[in-house]
Amino acid sequence: MILPVIMAGGAGSRLWPLSRQMYPKQFLTLNGDSSMLQSTAMRLKGIEHAPAMVICNEEHRFSVAEQFRANKIPNSGIILEPVGRNTAPAIALAALTAIKNNDDPLLLVLAADHLIKNERAFRQSVKTATEFAQAGKLVTFGIVPTAPETGYGYIKRGDTYGKGAGYCVAKFVEKPNLARAQAYMDSKNYYWNSGMFLFKASRYLDELKTHSPEIYAACEKAISNTAHDFDFLRVDKAAFEECPDNSIDYAIMEPLCNSEDSDKVVVVPMDCGWSDVGSWSALWEVKDKDCNGNAFQGDVISIDTRNSYVHATDKLVATVGLEDVIIVETKDAILVSKQTEVQQVKQIVEQLKENQRSEWQHHREVYRPWGKYDSIDYGQRFQVKHITVNPGAKLSVQMHHHRAEHWIVVSGTARVTNGDQEILLTENQSTYIPIGTTHALENPGKIPLELIEVQSGSYLGEDDIVRLEDRYGRKDEQE
């Protein structure tokens, strides 16, 4: 049986301002009607497999769970990484978990933030690779290049394996310059390194133990002391923090290709309209375009604009006389860039982080396990939020040292704990919560609860929360 392992980490900073640290690109709907994570899981239809196992960091666990729940996608568990340690340790956690469950499946390792247009070709390549993986090979998928791309690593194929359906890997190659990338493409012996793999769990662990014993030991220790938290599996934090940070390519694949056992690694070509959507220009390339080469999303009016991508989230965006530009509008930020300069967007994120601005980390609209809130206005001593609470959901029982709150229900019904009182509020009703008062908010109804929250006080930061009780297992996290 194939066990898909979806790697849902990563920040996607080159797709700022849509992608933020707390809501990165794998959770965004960039092409079609589903997020990239949801699309990754759904393209497995047609492949006989167990429910996918997902690996993500703790900050994103509720986003992962909610996106699977929203599309009714089952999973085999969500493993939480307490810290990021790259792909080799993450895959090791999945393999060790499978073995711990008395199973030795084929692990189909997939990134949650890749786009694949031809899903039939994807499934056919997986079917081809299955035979090789069952025979004990470590299979990587090589994307048939369509351009001399300098932003990807490459895989050089060697001797034919399996009646021409695959090839032994001669070597892995770092990102080349343009001339070398063109030479790779012309030779027809190189593929883009997709970062997708298929192998037995036990085979991966055997090679990891041989070539990266420190990673193996740290992950084995981390997985030996786990705790289940709702849908999530928490590994031993201290043990995992001691794990080296390394990719599967450096930890296993390259050492194997440079050894006498180089035939252990096989590449299966995949020609499936693949993109890692690593920049705004990459997204523009895969989007459907109008007769002027433009790809628009949202409320956009265009006059004499060509070869451009415009994404309007919250406002009307109008363009006149532009060419080869990227414009992305969100509630709290606007990006305008030349197509050729989009790789520098990451530097903007770094500046925002250095200047301790919130825009690198959060959207104005922030998702929580109970719903979401939108900070619609703020000043020196006040903040106004539009809060949406999902049916049946409840915020934590909490109190604040520095702020008072006034809640006005806009729609739905709220069950409010305000000190010693418990009251029901409906549309146009309100309550005032003084500083230091224990309080909680719950939606007991069948429709979303919407309310306006007005905060006032000397300090309005999200870390001014003393959480007394929480059904989502949060302790020191922000609300």
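Yes/no per residue for (1) of a type in the set (Asp, Glu); (2) at pLDDT below 95; (3) surrounded by fewer than 22 Cβ atoms within 10 Å (Cβ to Cβ); (4) part of a loop (DSSP other than H, G, I, E, B):
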residue	(1), (2), (3), (4)
Gln182	no, no, yes, no
Met196	no, no, no, no
Ser202	no, no, yes, no
Asp206	yes, no, yes, no
Ala239	no, no, yes, no
Cys243	no, no, no, yes
Could you check how many residues of region 27-52 are in contact with a strand residue (DSSP E or B) (Cβ under 8 Å, 6 or more places away or on another chain), open to solvent by less than 20 Å² (accessible area, probe 1.4 Å) and modelled with pLDDT of 95 or more? 7
Expected single match for under 27 Å from Gln361 (Cβ atoms) and of a type in the set (A, V, I, L, M, F, W, C) among Val267, Val300, Val310 is Val310
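Checking the conditions here, which among Glu131, Glu66, Glu81 is open to solvent by 10 Å² or more (accessible area, probe 1.4 Å) and without any contact (Cβ under 8 Å) to a residue 60 or more places away in the chain? First the steps, then the outcome.
On the way: Glu66 fails: without any contact (Cβ under 8 Å) to a residue 60 or more places away in the chain; Glu81 fails: without any contact (Cβ under 8 Å) to a residue 60 or more places away in the chain.
Result of the check over Glu131, Glu66, Glu81: Glu131.
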Confirm whether Ala94 is in contact (Cβ under 8 Å) with a residue 60 or more places away in the chain, assigned to a helix (DSSP H, G or I), in contact with a strand residue (DSSP E or B) (Cβ under 8 Å, 6 or more places away or on another chain) and of a type in the set (Gly, Ala, Ser). yes
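Out of all the residues in region 384-398, which are touching a residue at least 60 places away in the same chain (Cβ under 8 Å) and open to solvent by less than 30 Å² (accessible area, probe 1.4 Å)?
So in region 384-398, the residues touching a residue at least 60 places away in the same chain (Cβ under 8 Å) come out as 384-389, 394-398.
Matches in region 384-398: Val384, Lys385, Ile387, Thr388, Val389, Leu395, Ser396, Val397, Gln398.
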Would it be correct to say that Ala98 is more than 19 Å from Tyr367 (Cα to Cα) and among the hydrophobic types (A, V, I, L, M, F, W, C)? yes
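Do we find a residue being in contact with a strand residue (DSSP E or B) (Cβ under 6 Å, 6 or more places away or on another chain) and not in a loop (DSSP other than H, G, I, E, B) anywhere in region 219-228? Steps first, answer last, please.
Filtering region 219-228 down to residues in contact with a strand residue (DSSP E or B) (Cβ under 6 Å, 6 or more places away or on another chain) leaves 226-227.
From what's left, not in a loop (DSSP other than H, G, I, E, B): 227.
Taking every residue of region 219-228 in turn, at least one turns out to be in contact with a strand residue (DSSP E or B) (Cβ under 6 Å, 6 or more places away or on another chain) and not in a loop (DSSP other than H, G, I, E, B).
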Taking the residues in region 206-250 that are in contact (Cβ under 8 Å) with a residue 40 or more places away in the chain and of a type in the set (Asp, Glu) as candidates, determine which candidate is farthest from Phe62 (Cα to Cα). Glu207
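The values are calculated or read from the model by the stated rules, or taken from the named source; none is laboratory data. Only a predicted model underlies this, so the values are computations on that prediction, with no experimental measurement involved. Every residue, glycine as well, gets a Cβ built from its backbone with ideal geometry; the counts of neighbours run over all protein chains shown. Quick note on the areas: whole protein, heavy atoms, side chains included, nothing else; ligands and nucleic acids left out. Shrake-Rupley method; radii C 1.70, N 1.55, O 1.52, S 1.80 Å.
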